[in-house]
Each structure stands twice: as C-alpha cells, then as structure tokens.
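Inspection log for the structure reproduced underneath, given as structure tokens.
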Amino acid sequence: MRLADKVAIVTGAGSGMGRSIAETYAREGARVAVLEVEEKAGRAVAEGIGENAIFVRCDVAKRSDIDAAIAATLKAFGSLDILVNNAGVSHVNKPVLEISEAEFDRVFAINVKGLFMFTQAVVPAMRRNGGGVIVNIGSTAGLRPRPGLSAYNATKGAVHNLTKTLAVELAPDKIRVCAIAPVATDTPLLATFLGNAEGQREKFIATVPLGRLALPQDIADMALFLASADAKFVTGNIVEVDGGRCV
C-alpha cells in the first residue's frame with residue numbers, strides 16, 4: 001500500500017474528484033478526514049470508506065472551521081501527513097460584464113483564500129511531523145484560459161502561482177507542494193463550466209487529443225502518486241491531467 005500509516009485531509013470530498021481522492025487514499029492505506037460543507041454527502045463518503053475515515057463538516061472560507069477540522073483529524077488519528085486542497089466552486093460560464101461582485105468574491109474566497117488559510121493552518125502540524133505533502137487542485141483553466149470563466153480562471157492561475165511559491169518556501173521543512181491541473185472533468189460541476197448550450201460537451205471533447213473528458217479517478221490517480229514516496233523528489237510542479245489538451 002502506497003500510503004500505509006499516512007493521515008490525509010481531503011477538502012470538498014463529498015463528491016467528484018474529492019470523493020475519488022479520499023476513497024483512493026483509503027484503499028492505499030491512509031486514514032482520511034473527509035471534509036465537506038454538505039453534511040449528507042460528506043458523511044456518506046466517510047461511512048462508505050469505513051473505520052479509516054472520519055467526516056468533518058468544513059467551510060474552507062472560514063478559518064474557525066479549518067482549525068476545528070485539523071483539531072478533529074489530529075484527535076482521531078494523531079498526526080497529519082497529507083493535505084489535498086480540492087474544495088472549489090465556479091460561476092456559471094458567461095461574459096465578464098455579467099459576473100457580479102458577489103460571484104467574484106465567492107470563487108476567490110473558496111478557491112484561493114480557503115486554500116491559503118488551510119495551508120497556513122496545517123504547516124505547524126506538518127513541521128512537528130517532520131514533513132508532509134500538500135496537493136492543490138488547480139485547472140487547465142489557469143494554463144489555457146477560455147472565455148466565459150474569467151473570475152474562475154483567475155483563481156486557478158493564483159492557485160498555480162501559490163503552489164510554486166509554497167513549494168520553495170516550505171522545502172526546508174520537507175513539505176512538498178504540487179498542483180494538479182485537470183481538464184474539464186465529468187463531475188456535477190461540469191455544466192457550470194461548459195454552459196447550457198446544446199452540443200457544448202461534444203464540442204469540448206473534440207478539443208481533447210485523447211478524445212474524452214477527465215474522470216474523477218484520473219485525478220485521484222495523480223493525487224495518489226504525488227502524495228506517495230514515488231514522488232519524493234517532486235515539488236512545485238503543476239501536473240496537467242488533460243488528455244493532451246494543453247499541448
């Protein structure tokens with residue numbers, strides 16, 4: 001097992017990529033804190049994993065929730081080795097002039113501020129543990145931005161830049177920091193990204209050389225590699241899991 005005896009926190013783990021990452025980590029021997037703002041979904045994932053998981057309700061835009069989630073994880077499992085900053089939201093695909101200030105604030109609060117605050121909060125525990133791994137979920141939207149998602153795209157560019165900054169800053173503490181940049185992934189958020197126009201899904205797939213959307217397990221497999229000893233000399237990387245779309 002590639003994550004035997006490791007303890008991981010996965011944010012936004014109630015569905016989609018977060019759920020697949022949490023389940024994959026558990027299958028590979030990790031004990032997992034399933035963090036989710038939607039209690040029913042998060043609890044179902046933790047219960048499905050079994051005794052090696054706990055559910056903690058957490059709004060990553062609230063520092064008090066973050067601190068409570070870390071405390072609950074340490075109480076349950078005694079240490080913390082891996083953080084996956086997966087929680088994220090988007091606004092509906094639409095022109096820049098139609099994006100409201102409230103929508104802008106929401107995507108930055110969760111996608112950037114939440115990731116930043118969670119990283120701040122876990123570093124002391126990882127330092128005490130002699131090191132750790134932080135995996136951030138970015139996006140190809142931060143590498144090859146397309147029209148209609150301007151605020152969301154900006155958040156993912158910030159995630160990528162922050163990942164590289166943290167990788168350098170935290171390297172002396174033996175804390176590795178990487179990001180995964182998925183292409184459009186077949187999750188409940190997909191319609192938000194693509195919009196509701198007929199044929200958008202097929203049109204997008206036609207731009208992916210490998211001929212399909214990403215699946216949550218594709219992202220989970222990369223998150224497993226980055227968290228494992230196989231990636232022990234890998235930090236600061238933005239890893240594209242995109243079927244070749246950014247080539």
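Read-outs throughout are calculated quantities, based only on the coordinates presented, and are distinct from any laboratory measurement. This is a predicted model, so every value here is computed, not measured. All Cβ positions, glycine included, derive from the backbone under ideal geometry; neighbour counts span all protein chains shown.
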Stretchable slack from residue 144 to residue 161, in nm (0.36 nm times residue separation minus alpha-carbon distance): 4.7 nm
Given +1 on the Cβ of Lys and Arg, -1 on the Cβ of Asp and Glu, and no further charges, what dipole in debye does the range 35-101 carry about its Cα centre, rounded to the nearest 20? 60 debye
Beyond 19 Å between alpha-carbons counts as too far, so tell me which of 40/75; 164/232; 6/232; 113/232; 75/232; 75/164 fall in that bin. 40/75; 113/232; 75/232; 75/164
Stick to Cα atoms and the Kirkwood definition of Rh, then tell me Rg/Rh for the chain. 0.95
When the charge dipole of the chain is computed with +1 on Lys and Arg Cβ and -1 on Asp and Glu Cβ about the Cα centre, the Cα farthest towards its positive end, among 137, 56, 177, belongs to 177
At R0 = 35 Å, how high is the FRET efficiency between residue 192 and residue 67 if r is their beta carbon distance? Nearest 0.05 is fine. 0.75
Using Cβ counts within 10 Å as a stand-in for footprinting exposure, how do 32, 10, 92 rank, fewest first? 92, 32, 10
Which value, in debye to the nearest 20, gives the size of the charge dipole of the chain about its Cα centre, when Lys and Arg are +1 and Asp and Glu are -1 at the Cβ? 400 debye
Förster radius 22 Å - calculated FRET efficiency between residue 217 and residue 1, Cβ distance, rounded to 0.05: 0.80
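Around residue 214, with a cut-off of 11 angstrom between Cβ atoms, what is the net charge of the other residues, counting Lys and Arg +1 and Asp and Glu -1?
Surrounding charge for residue 214 is -3.
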What distance in nm separates the two pseudo spin-label positions at residue 94 and residue 120, each 7 Å out from Cα along the beta-carbon direction? 3.1 nm
Between 222, 119, 25, whose Cα lies farthest towards the positive end of the dipole of the range 7-241 when Lys and Arg beta carbons carry +1 and Asp and Glu beta carbons carry -1, centred on the Cα centre? 119
Taking the range 106-146, the equivalent ellipsoid from its C-alpha gyration tensor has semi-axes in Å, biggest first, of 26, 13, 5
Label point distance in nm, residue 106-residue 207, each placed 7 Å from Cα along Cα→Cβ: 2.4 nm
